[in-house]
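The values are calculated or read from the model by the stated rules, or taken from the named source; none is laboratory data. Note that the structure is predicted; figures quoted are calculated from it, not measured. Glycine gets a Cβ as well: all are built from the backbone with ideal geometry, and neighbour counts include every protein chain shown. Just the protein is used for accessible areas: all its heavy atoms, side chains included, with ligands, DNA and RNA removed. Shrake-Rupley method; radii C 1.70, N 1.55, O 1.52, S 1.80 Å.
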Amino acid sequence: MLAFAGLIAMVLVAQDVPLASYLRSVERERLLAELQSHAFLLAGAAEDVLSGEGSGNPADLRSTIQIYAARDGAYVVVVDTDGLLVESSDPNDEIGQPFANANRPEFDIALKDGKPNSGDRSSIDAGGDIVYVAVPVRSGPDVVGAVRITFSADVIDERADEKVQGLFLVGLISMLAAALAAIVIANTITSPLR
């Protein structure tokens, strides 16, 4: 019986450890893609305010950002083409102050290259590692600003870990079922010998 349980345990470990690593990576990428889609939605809300066209209302943009940040716990900032802060989910940030700088390279890609980007880096302001998504705000073909959403890297890791924990729970249940099956099979085989 121990040999059967050991074999099952070895198979589960050989299968679940690489699968857990892959699942963690895929879940992290899925979360970043979700953040990027949210950033594009916020960029759409910021477009009228940043372009100066239409009926862009800064109060509406502020409200949208505050609702998003409160719901997900994200830190959201909107900057113009000069890197000046237009709106932030942090009430302590000063609107109109330079925000996009060399310590925040994600803005260069969004503002100068007009491309979305995501990744992780260390942040002095956040006091640790962050995960970010930065997207350009476009008005027609022109980049008129950028939106960045950040989370603590720990938050993203915790969300990915939740998926991996489910995998390990399935592995534990499989192990218990295999042990129960081993006991039943061993008793069935050895009962005529008693």
Got a number for residues in the range 174-190 being farther than 14 Å from L7 by Cα and either of a type in the set (S, T, Y) or touching a strand residue (DSSP E or B) at 6+ places or on another chain (Cβ under 6 Å) (or both)?
2
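Please pick out the residue among A153, A178 that is modelled with pLDDT under 90, open to solvent by less than 30 Å² (accessible area, probe 1.4 Å) and in contact with a helix residue (DSSP H, G or I) (Cβ under 6 Å, 6 or more places away or on another chain). Talk me through it step by step, then tell me what you get.
Working: A153 fails: in contact with a helix residue (DSSP H, G or I) (Cβ under 6 Å, 6 or more places away or on another chain).
A178 is the lone residue from the list that is modelled with pLDDT under 90, open to solvent by less than 30 Å² (accessible area, probe 1.4 Å) and in contact with a helix residue (DSSP H, G or I) (Cβ under 6 Å, 6 or more places away or on another chain).
Sort out for me the strands (runs of 3 or more DSSP E) sitting completely within the range 88-168 that have 2 or more residues that are within 22 Å of E53 (Cα to Cα). Full working, then the answer.
Numbers: elements: 117-123, 128-139, 142-152.
Once the strands (runs of 3 or more DSSP E) in the range 88-168 are filtered for at least 2 residues that are within 22 Å of E53 (Cα to Cα), what remains is 128-139, 142-152.
If you go through the range 84-104 one residue at a time, do you hit one that is more than 20 Å from the chain's Cα centre (by Cα), aliphatic (A, V, I, L, M) and within 30 Å of A3 (Cβ to Cβ)?
No: zero hits.
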Suppose we filter the range 105-126 for residues that are open to solvent by 10 Å² or more (accessible area, probe 1.4 Å) and within 18 Å of the chain's Cα centre (by Cα); how many remain?
9
